Amino acid sequence: MRFITAGESHGKGLMVILEGVPAGVPFDILFINQELRRRQKFFGRGDRMKIEEDEVEVISGVRGGETIGSPIALWIKNRDWENWKEVMDPLNPSPASPLTTPRPGHADLAGAMKFLSCDIRNILERASARETAARTAAGAVCKLFLRELNIEIWGWVEEIGGIKADYEGMEKREIKKKVKDSELLSPDPEAEKKWKEKIKWAMKEGDTLGGVFSLIAENVPPGLGSYTQWDLRLDGMLAQAVMSIPGIKGVEIGEGFSLSSMLGSEAMDEIVYKGKRIVRLTNRMGGIEGGISNGEDIVLKAVMKPIPTLRKPLKTIDFSSFKESVAFRERGDVVAVPSACVVGEAMVSFIIAREIKRKLGGDTLFELKRNLASFLKEVRKRYG
């Protein structure tokens, strides 16, 4: 399985082509559009979210409400295109002056250097997190596929602006319920109140905030990924997928960085035989050992930096004159950690779906289900 996206932030729209989804997966367009709205709706998002109401149009790969095995092409129209069609015209020169004052922390200057561009509009339009709408659509299709195998991926926000949520002792079911009812994917209503106040403060100050979100994949079978080559390790693939989301600067699996201060006897997940199956007493490894899923929940955490587009711009250089200037201001959000969490769910869903397909094979959902049942039966027979 693989996917590729195309499109610019203020262009006509976004396209995603997802290849390798088995035939026979029920295709729920309402669910996909719901996932797109989840990415947009959170407290602290910018004015553009009032303009865009993302919906997908199915171009190919689906017929009669089911996937048919061919590449799935989905189109998301940019509703703001009418206001940008002269600036972003694919064929005629833009009437707008070139942008030459790059924003610190964004792809503007590095991208201009890479492509030798004299106008950073050529960079920012593709580097924009608007592209993640297409990823969310692809991930939603993968969620539909995984749902048929009783695998669920979801997430929550742990921290915004240095304020941490307190959910210690909560069961997964309770966290999931609280998150569903939250405007910021928070499992802690008190933390959410503080987050909102800090977001309002940052908005007033013309600043932005970052944070931390967690992701969990439930009921993932053992045996995904491999220790045999560096690029087949599941934790590496997941880390790369989540790190590729704009603004993400750190990813950890399981207890991650906190393992550095533990003794080996404290850090490892002891293995016991319980309820006629092998289980681990803890899950500090985050469901992955030796680059392979071990049957426990897969748990990740990601750090998102503050958004680099500021209403009070930072100092920069105008590379048309090499004189000191201030970064230009593009419309942006104050905080996007909850939205990044939704995109994180999509990316994890894609990796798990891809590795399920790699492990079990099959061109149809029927074959894949049969292969999974056979594999799990053999695992239980040999290891309990």
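Of the numbered conditions (1) crowded, with 16+ Cβ neighbours inside 10 Å; (2) within 25 Å of residue 146 (Cα to Cα), residue 211 fails exactly one; give the number of that condition.
All conditions pass for residue 211, except number (2).
Pick from 56, 21, 87, 16: which is of a type in the set (Val, Ile, Thr) and within 27 Å of residue 182 (Cβ to Cβ)?
Working: 21 fails: within 27 Å of residue 182 (Cβ to Cβ); 87 fails: within 27 Å of residue 182 (Cβ to Cβ); 16 fails: within 27 Å of residue 182 (Cβ to Cβ).
None of the others qualify; the one that does is 56.
For region 100-121, give me the residue count where each residue is surrounded by fewer than 18 Cβ atoms within 10 Å (Cβ to Cβ) and without any contact (Cβ under 8 Å) to a residue 40 or more places away in the chain.
Residues that pass the stated criteria total 8.
Could you grab me the full set of residues in region 298-328 that are surrounded by 17 or more Cβ atoms within 10 Å (Cβ to Cβ) and either within 16 Å of residue 222 (Cα to Cα) or aliphatic (A, V, I, L, M) (or both)?
Hits for region 298-328 are 298, 299, 300, 302, 303, 304, 307, 310, 327.
For region 289-298, does any single residue satisfy the condition of being touching a residue at least 24 places away in the same chain (Cβ under 8 Å) and of a type in the set (Asp, Glu)?
Taking region 289-298 first, the residues touching a residue at least 24 places away in the same chain (Cβ under 8 Å) are 290-298.
Still in the running and of a type in the set (Asp, Glu): 296-297.
Yes, some residue in region 289-298 is touching a residue at least 24 places away in the same chain (Cβ under 8 Å) and of a type in the set (Asp, Glu).
How about region 255-289: which of its residues are exposed (fewer than 10 other Cβ atoms within 10 Å of the Cβ) and not hydrophobic (A, V, I, L, M, F, W, C)?
Answer for region 255-289, where residues must be exposed (fewer than 10 other Cβ atoms within 10 Å of the Cβ) and not hydrophobic (A, V, I, L, M, F, W, C): 260, 261, 264, 265, 270, 275, 276.
Could you please find all residues in region 305-340 being closer than 19 Å to residue 129 by Cα, touching a Ser or Thr at 6+ places or on another chain (Cβ under 6 Å) and acidic (Asp, Glu)?
Correct list: 330 only.
Taking residue 65 as meeting all but one of (1) in contact (Cβ under 8 Å) with a residue 24 or more places away in the chain; (2) on the phi < 0 side of the Ramachandran plot, write down the number of the exception.
Here residue 65 clears every test but (2).
So which residues in region 93-127 are over 23 Å from residue 313 (Cα atoms), part of a loop (DSSP other than H, G, I, E, B) and modelled with pLDDT of 95 or more? Break it down into steps so the answer makes sense when it comes.
At the first step, the residues of region 93-127 found to be over 23 Å from residue 313 (Cα atoms) are 93-95, 114-116.
Within this subset, residues satisfying the condition of being part of a loop (DSSP other than H, G, I, E, B) are 93-95, 116.
Once the filter is applied, which keeps residues that are over 23 Å from residue 313 (Cα atoms), part of a loop (DSSP other than H, G, I, E, B) and modelled with pLDDT of 95 or more, region 93-127 yields only 116.
In region 185-238, how many residues are more than 30 Å from residue 374 (Cβ to Cβ), out of contact with any Pro (no Cβ under 8 Å at 6 or more places or on another chain), touching a residue at least 24 places away in the same chain (Cβ under 8 Å) and not charged (D, E, K, R)?
11
If I filter region 239-252 for residues that are crowded, with 19+ Cβ neighbours inside 10 Å and of a type in the set (D, E, K, R), do I get at least one hit?
yes
May I ask you to say which residue of 69, 44, 11 is in a loop (DSSP other than H, G, I, E, B) and closer than 21 Å to residue 353 by Cα? Break it down into steps so the answer makes sense when it comes.
Details: 44 fails: closer than 21 Å to residue 353 by Cα; 11 fails: closer than 21 Å to residue 353 by Cα.
Answer to the selection: 69.
Every residue in region 334-384 that is of a type outside the set (A, V, I, L, M, F, W, C), assigned to a loop (DSSP other than H, G, I, E, B) and in contact (Cβ under 8 Å) with a residue 40 or more places away in the chain, please. Working first, answer last.
Quick first cut of region 334-384, residues of a type outside the set (A, V, I, L, M, F, W, C) only: 338-339, 344-345, 349, 354-355, 357-359, 361-364, 367, 369-371, 374, 377-378, 380-384.
Next cut, assigned to a loop (DSSP other than H, G, I, E, B) only: 361-363, 384.
Of everything in region 334-384, those that are of a type outside the set (A, V, I, L, M, F, W, C), assigned to a loop (DSSP other than H, G, I, E, B) and in contact (Cβ under 8 Å) with a residue 40 or more places away in the chain turn out to be 362, 363, 384.
Looking at 81, 75, can you tell me which residue is more than 24 Å from residue 249 (Cα to Cα), at pLDDT 95 or above and of a type in the set (Phe, Trp, Tyr)? Don't jump to the end; show me each part of the working.
Working: 81 fails: at pLDDT 95 or above.
Checking each option against the conditions leaves just 75.
For residue 152, are the conditions met, namely being within 30 Å of residue 3 (Cα to Cα) and of a type in the set (Asp, Glu)? Full working, then the answer.
Details: within 30 Å of residue 3 (Cα to Cα): yes; of a type in the set (Asp, Glu): yes.
So residue 152 fits the description; yes.
Go through region 278-302 and count every residue that is in contact with a helix residue (DSSP H, G or I) (Cβ under 7 Å, 6 or more places away or on another chain) and among the basic types (Lys, Arg).
Qualifying residue count for the region: 2.
Mind listing just one residue for me: the one in region 135-177 that is free of Cβ contacts under 8 Å to residues at least 12 places away in the same chain and closer than 24 Å to residue 222 by Cα and, of those, nearest to the chain's Cα centre (by Cα)?
147
Here is a list of conditions, (1) at pLDDT 95 or above; (2) in a loop (DSSP other than H, G, I, E, B); (3) closer than 30 Å to residue 112 by Cβ; (4) charged (D, E, K, R), and residue 331 meets all of them except one; can you say which number that is?
All conditions are met except number (1).
I need the full set of residues from region 131-173 which are assigned to a helix (DSSP H, G or I) and modelled with pLDDT under 95, in order please. First the steps, then the outcome.
So the first thing to find is which residues in region 131-173 are assigned to a helix (DSSP H, G or I), and the list is 131-147, 172-173.
Result: 172, 173.
List pairs: first residue in region 255-267 and in contact (Cβ under 8 Å) with a residue 24 or more places away in the chain, second residue assigned to a helix (DSSP H, G or I) anywhere in the structure, Cβ distance under 7 angstrom, at least six positions apart or on different chains.
That search, which allows pairs on different chains as well, returns 259/267.
What number of residues in region 210-262 are part of a loop (DSSP other than H, G, I, E, B), farther than 27 Å from residue 166 by Cβ and of a type in the set (Gly, Ala, Ser)?
4
Of all residues in region 177-199, which are part of a helix (DSSP H, G or I), of a type in the set (D, E, K, R) and either in contact with a helix residue (DSSP H, G or I) (Cβ under 8 Å, 6 or more places away or on another chain) or modelled with pLDDT under 95 (or both)?
Just the residues of region 177-199 that are part of a helix (DSSP H, G or I), to begin with: 177-180, 189-199.
Subset that is of a type in the set (D, E, K, R): 177-178, 180, 190, 192-194, 196-198.
Within region 177-199, 177, 178, 180 qualify.
The values are calculated or read from the model by the stated rules, or taken from the named source; none is laboratory data. Note that the structure is a prediction, hence the values are computed from the model and not measured. Cβ atoms come from the backbone with ideal geometry, glycine included; neighbour counts cover every protein chain shown.
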